[in-house]
1. For a quick check: sort 316, 572 by the number of other beta carbons within 10 angstrom, fewest at the front.
2. Using the Cα atoms of segment 338-504 to build a convex hull, what is its mean projected area in square nanometres?
3. To one decimal place, what orientation-averaged projected area in nm² is obtained for the convex hull of the Cα set of segment 266-410?
4. Give the peptides 150-156, 94-100, 538-544 in descending order of average Cβ contacts within 10 Å, highest first.
5. Ratio of segment 231-315's C-alpha Rg to 2.2 N^0.38 Å, to two decimals?
6. Determine, from the Cβ-Cβ distance of residue 612 and residue 189 and an R0 of 22 Å, the FRET efficiency 1/(1 + (r/R0)^6), rounded to the nearest 0.05.
7. Please identify which residues in segment 366-394 have an amide N closer than 12 Å to a label point set 7 Å out from the Cα of residue 146, following the Cα→Cβ vector.
8. Sort 348, 579, 331 so that the residue with the fewest other Cβ atoms within 10 Å of its own Cβ comes first and the one with the most comes last.
Amino acid sequence: MARPTSRTAARAAIRDVGRAMDYPYNFCDQIAKMIPFGSNLEKAIHQSPELHQSYESDENTKQLIDMAIKLEGVVRHASTHACGVVITKEPLDESVPCQHPTQNDESIVTQYEMHSIEDLGLLKMDFLGLKTLTIIQNTLNQITKLFRKKIDLATLPLDDKKTFQLFQQANTTSVFQLESNGMKKHLKDLKPTKFEDIIAMVALYRPGPMEFIPEFIARKHGLKAVEYLHPKLKPILENTYGVMIYQEQLMRIARDLAGFTLSEADILRKAVGKKIKKLLGEQEEKMIQGMINNEISPKIAKKIWQTVEPFALYGFNKAHATCYALIGYWTAYLKTHYSVEFMAASMTADQGDIERVAFLVDECKNMNLQILPPNINESNQNFSKASGKAIHFGLKAIKNVGHNVVEAIVEERKKNGPFKSMADFIERVDSKDLNKKSLESLIKCGALDDFGERNQLLFSVEQMLNLARETQRAKQNGQASLFSGQSNITMPSIKLSEVEPAGKKERLSWERELLGLYVSEHPLKNYQEQLARTAYPCQGLSKKQVGHRVSVGGIVNKIQKVNTKTGQPMLFVELEDMTGRIEALVFPSVLEQTAIAWQEEKIVLVSGRLSDRDGNLKILCDNVKVLE
């Protein structure tokens, strides 16, 4: 289905028309700049004296503006609705004009957008694809394979104590809809004890209703009284501690207190949800009179309606919230009871995003799960469970190593067993994508450490690629293998170059570049004792220290330079220690004094005031010391 994504604004209309009419660019640009921001063309002619004078005195300007007025507000281009599917009884093109969305896309979309489709009486369904569903299925597949046990999600108990402990402690990284820092804060305060609490949080954690979360939490814990304007409201609002959250609650109030039929209640829901002013006015009179007819006093009836009006700003569909909460509960349950399998599936789902993988590895460390470095004979295509509480790093997550190469490696290993040497690996892996870049990446990240030292392997890459080409030619000439049927011939070995081994700093730098994290060792290992005396660990910082001066030691992962409103440079710096990461803000005055310290991979001790202005802990740096 097509979706209009942009309409032609006043200035754009002037420029588009001018280009089509072959007016000089400077002339059109000058006219466009006379239009006040946010104004349409007809108003602009009267608002801008300069534009008005040009319109009245210059024929080209008048013609340009008159034509542009006709185009203003017209859809500029259409995109494809992300999940909208139109369903018709007859072939689609008998009901609505269709098109291909792009020149290279063979799919078919309607030329009408969703509202026009619905006005025609056609059925439009939104089928939303969720990555989380893939994570859940991959987790279940691993459980079946490893434990010979099938889990039916529909029969999982919704009151599992360990799962609710996870919610109460807000260990919800990778838990659907519940992993943001703001949500974690509210979960810690709420300490949910029933599934209904999770549904409510999904519905409330949005702009608007978010302001009701403290009230909801206070009522749950008895810090504020739960009161009802009328006894008939208690069975409707009891599960949400007297706070009206869902559209379904509104519909039931209209039915039980005002005598509405279900279809009439749905009209009220639509009026509130769509904020249709005229319809809301009609519903107000009808609902108040219905409550009065149902023996509710006019005063109470009006008060109940007064709670309905602000509901228009935040009312949410409970069915929707329940579905999302259920998926969130499933992920929390799997994370609680099958942590290794769940985290492996989560990292697999995000293995194309190196920063997200690094974030999830930090979460694994918090859960006391070990992440094993990539190994050509142990790792699979995706992240997978090793023995105990360990996870093998997936080969597909290595930067610059293509999926075709990884599939060829894993399939060959399954068929003919582990690779015995570098020469054996090169001769057996049949993939045109095993090129210099992919081979170097496998070496640098440590996946081929079983076959030699990394620097020596790197200096022998050309020799390896020559052997690979020779092998390919032999196979193309019909030989099964260079050495098949010749038991007296030994496989040639690759003579590694005599070079200095790669230093620890270089090896770790390669790992960080290609895996997004340090796997074999952390650069701060030798600084542990020093930092223990002088700095807080990243994971050791808490909200209690906000406003206080703290010091954190770590390696500079990432530096983002921006300019302030006054044009002065400042930095956003990501620091990493052995427990996690934190952001440091370096303002212009501090940067001027410490500029030489801010370099990626430098090990530094940063001091400053701890802040949580946007919900995330960060250091407002006032001093930095290089530790190397």
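1. The most exposed by this proxy come first: 572, 316.
2. 10.9 nm²
3. Computing the convex hull of the Cα atoms and averaging its projections yields 14.2 nm².
4. Ranking the peptides 150-156, 94-100, 538-544 by packing returns 538-544, 94-100, 150-156.
5. Compactness ratio reported: 0.97.
6. With R0 = 22 Å, the Cβ-Cβ based efficiency is 0.90.
7. Those under the cut-off are 369-370, 383-392.
8. 579, 348, 331
Read-outs: derived from the displayed coordinates by stated rules, not from any lab. Everything numeric here is computed off the predicted structure, so don't read it as measured data. Neighbour counts run over all protein chains shown; Cβ positions are idealised from the backbone, glycine included.
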